[in-house]
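The values are calculated or read from the model by the stated rules, or taken from the named source; none is laboratory data. Everything numeric in this text was worked out from a predicted model, so none of it was measured. Methodologically, a virtual Cβ is constructed for each residue, glycine included, from the backbone with ideal geometry; neighbour enumeration extends over all protein chains shown.
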Amino acid sequence: MKLAVFGDPVAHSLSPDIHQQFALHANLQVDYQTIHASVEEFAGALMAFRSSGGIGANLTVPHKHAGLSVCESLSARAEAAGAVNTLIRTDTSWHGDNTDGIGLIWDLQRLQLTISNSNILIIGAGGAAHGIIPVLLGHSPASITITNRTNNKAQQLAAHFKHQAVRACMLSNIGGLKNIDLIIHASAAGHSNDAFVLPSPATDLNPYCYDLSYGQASAAFLNWAADHQYPSSDGLGMLVGQAAEAFYLWTGFLLNNQVREDTLSYLLAA
Ligand code: ATR
């Protein structure tokens, strides 16, 4: 079963390791490669992969948006997210899906965090923030507040959802937010060299802080959480969760919680 992840950069992706672990548990032969492709190279690299027998792929930065236009059909969740992270080969082209949101939900549940009736603050208003909001809304939070370095983009993203629970807040005003249960860091600050400045929310809060990134990219936000003595996690569990759903789409093999948690432990120990 020939699979791959396309990205730029992609060399340090953990997806090949994750899918090898899954394949061991499922007793399947999987060849999962990393394919480095720039924005310009992506379409050609995907065609070459298909010609060589590729049956499925993951897309990571910067290809998730471009994934929409290489597919002949899209799942409802890819449409809602405005991005594709999983391609499934069809007879003539690709079907596009998005498993990031369900991966996030799986990890929040693993961490015993409840979304229903909770007040969520999302930092960032780019593709990553857009991708998770529809899935979070499906679990009935009391509110989702979007804040972003560029306030205008937070307002536009909030308006896009046309949902009473979704609103924007200026970064400089988050100190006035009174009842935040969960802060999700969805900005690309961890991947840039610019300073990441985040004011403190109201002092009587103890929100859980979750970074969609992992490794070095999550360091600045997790340090900010530690400075405030907030509990926190990076997004490694989300990576495993989204991979498990992609693996299911390609193989029909549903990996149970134990396999997912064993894979997470394996990555943490590596
Ligand atoms: P992604 O798909 O990873 O979300 P994106 O669509 O380019 O990438 O969006 C990047 C997000 O990270 C934006 O919200 C961006 O803020 P701006 O709208 O102000 O550009 C945010 N971001 C990037 N670098 C940042 C930094 N150093 N500090 C704070 N926010 C940053």
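Select from the stretch 53-85 the residues that are buried (at least 21 other Cβ atoms within 10 Å of the Cβ) and within 16 Å of the ligand (Cβ to nearest atom) and list them in ascending order. Once the filter is applied, which keeps residues that are buried (at least 21 other Cβ atoms within 10 Å of the Cβ) and within 16 Å of the ligand (Cβ to nearest atom), the stretch 53-85 yields 58, 59, 63, 64, 67, 78, 81, 83, 84, 85.
Selection of the stretch 204-224 for residues being away from the ligand (no atom under 16 Å from the Cβ), assigned to a loop (DSSP other than H, G, I, E, B) and under 22 Å from the mean Cα position of the chain (by Cα) yields only 207. Of the strands (runs of 3 or more DSSP E) lying entirely inside the stretch 1-76, those carrying at least 1 residues that are under 16 Å from residue 98 (Cα atoms) are 2-7, 56-59. A single entry from 201, 141 fulfils the requirement of being more than 8 Å from the ligand (Cβ to nearest atom), at pLDDT below 95, crowded, with 16+ Cβ neighbours inside 10 Å and in a loop (DSSP other than H, G, I, E, B): 201.
Per the listing 234, 204, 211, the residue uniquely within 17 Å of residue 61 (Cα to Cα) and acidic (Asp, Glu) is 211.
Contact map, the stretch 173-191: residues that are touching a residue at least 40 places away in the same chain (Cβ under 8 Å) and near the ligand (Cβ under 9 Å from one of its atoms) paired with residues that are β-branched (Val, Ile, Thr) and part of a strand (DSSP E or B), Cβ distance under 8 Å, separation 6+ or inter-chain. Pairs shown: 186/122; 186/123; 187/123.
The single condition among (1) near the ligand (Cβ under 10 Å from one of its atoms); (2) assigned to a strand (DSSP E or B); (3) aromatic (Phe, Trp, Tyr) that residue 196 does not satisfy is (2). Scanning the stretch 192-203 for residues that are within 22 Å of the chain's Cα centre (by Cα) and in contact (Cβ under 8 Å) with a residue 60 or more places away in the chain turns up just one, 198.
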